[in-house]
1. Helix-only estimate, please: 222 nm mean residue ellipticity of the chain, summing -39500 (n - 2.57) across DSSP H runs of length 4 or more and dividing by its residues, to the nearest 500.
2. Just the Cα atoms of region 169-229, one point each, no solvent: what log10 I(q)/I(0) does Debye give at q = 0.20, 0.24, 0.26 Å⁻¹?
3. What residue among 60, 17, 40 shows peak mean-square fluctuation when the chain is described by a Gaussian network model with Cα springs under 10 Å?
4. Place a label point 7 angstrom from the Cα of residue 31 along the Cα-to-Cβ direction, then list the residues of region 192-218 whose backbone nitrogen is under 19 Å away.
5. When the C-alpha atoms of the chain are aligned to their principal axes, what extent does each axis show, in angstrom, from largest down?
6. So what's Rg/Rh here for region 1-72, counting alpha carbon atoms and using the Kirkwood radius for Rh?
7. Please check: in the Gaussian network model of the chain (C-alpha springs, under 10 Å), which one of 152, 38, 13 has the largest mean-square fluctuation.
8. How many angstrom lie between the C-alpha centres of region 126-184 and region 62-79?
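Here, each number is a calculation from the coordinates, and none is a lab measurement. Model, not experiment: these values are computed from the prediction. Methodologically, a virtual Cβ is constructed for each residue, glycine included, from the backbone with ideal geometry; neighbour enumeration extends over all protein chains shown.
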Ligand code: HEM
């Protein structure tokens, strides 16, 4: 008897791209909400801390304790792992389909963002690990009190710790390039498949990435310059 192994639909190229898209959308939604939430730092310490404590109470009384927070953390972790696994599988497959490497890779092949997706992704992952130890657990933060997020943020980006702001800036810019490429792919698929449609998708992706980066970076720079203290 001949046993033929069939590949599950999710492992097809289209399936893997769908995994990239769905997990990408989940992560982008989190980023948009996180960026908007961070801007509450401009409303003062009491308001920001109150908001941060409220984040832990979402879902109550339907869900007990900090269940929602842990469900959110679980969903984000699964999304990150699936996003990386699908990206790796797709990259391996495209290399396998082209066994002889280009002797000189043409410069025009793919955009700058497309070519740097892998390294951008690695920088973002390292940043998130640092960021969690900094502002969630407090281990790498001068104040490091999880019940006082405003004080943690202000201590983090103090002028004498300019290198922390520099590191955050580099990571957020890497995130911007990554998002520009991801958003461009999504908008191009959704829009008209014409040169004009592609130009529009490119502009929309650029505007989206710049707005998100600016929204994130305004917080560290407000602390660095003394606007928030
Ligand atoms: C650059 C400006 C940013 C600031 C000021 C900032 C601030 C914060 C703060 C204060 C917390 C702790 C919230 C709390 O525990 O009450 C937090 C958590 C977090 N941030 Fe950021 N963040 C920034 C950028 C980012 C970026 C770019 C990412 C992702 C690439 C990110 C991902 C996260 C995650 C995953 C958590 C943990 C949420 C949880 O507790 O489950 N943050 N951030």
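1. On the way: 8 runs with 155 residues, N = 229.
So the helix-based figure for the chain works out to -23000 deg cm²/dmol.
2. Each listed q corresponds, in turn, to -0.71, -0.87, -0.95.
3. So, out of 60, 17, 40, the one fluctuating most is 60.
4. Within reach of a label on residue 31, which here means backbone N under 19 Å from a point 7 Å along Cα→Cβ, region 192-218 contributes 201-218.
5. Each principal axis gives a Cα extent; for the chain these are 65, 47, 33 Å.
6. 1.28
7. 13
8. 22 Å
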